[in-house]
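Before any comments, here is the structure.
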Amino acid sequence: MGTMLAVSALPASAAPQAAKADSVLVMVDHAKVVRLPEKAQTVIVGNPAIADVAIQKNGVMIVTGKSFGVTNLIALDASGTLLAESLVRVGADSDSVLTVQRGLERESYSCTPVCQPSAQLGDAQKYFGEVGGQASARSASAMGASKR
């Protein structure tokens, strides 16, 4: 049985800070800087739909929360030997999100500080489609304008 992936979040000061040895917590649509075990050559994400990683220089990787849930990270050395394994827990950033529940229908708003529609996983399909469609159209318009 492998050891747990020893990770540490890097705060703004960039000084290593010990995190729970058994899991990494990241919010949906947020990223976290995590240290890899020494000699790690391969990193495997159990479910890339929940979290994704981008390997950087100097034994650092960026873990990005994609969807709510729990998955695992496995680190292997060059010969394929298991160096470490850890859980990645992806949750919601509820500090600035207002949830409106109307019967079974849910809508989310990002309140930073003025509340604006914000499609979140779990929102009613119609609301999610409308808000997501508007956001996509806005992004496409901005991309088109930047190419002129």
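What's the number of the condition ASP95 fails, among (1) in a strand (DSSP E or B); (2) closer than 20 Å to SER118 by Cα?
Single failed check for ASP95: (1).
Within the group LYS126, LYS57, which residue is of a type in the set (Lys, Arg) and surrounded by fewer than 10 Cβ atoms within 10 Å (Cβ to Cβ)?
Of the residues listed, the single one that is of a type in the set (Lys, Arg) and surrounded by fewer than 10 Cβ atoms within 10 Å (Cβ to Cβ) is LYS57.
Which members of segment 83-117 meet the condition of being closer than 27 Å to VAL53 by Cα, polar (S, T, N, Q) and surrounded by fewer than 18 Cβ atoms within 10 Å (Cβ to Cβ)?
Correct list: SER94, SER96, SER110.
Read-outs: derived from the displayed coordinates by stated rules, not from any lab. None of these values were measured; they are calculated from a predicted model. Using ideal geometry, Cβ is built from the backbone for each residue, glycine included, and neighbour counts are taken over all protein chains shown.
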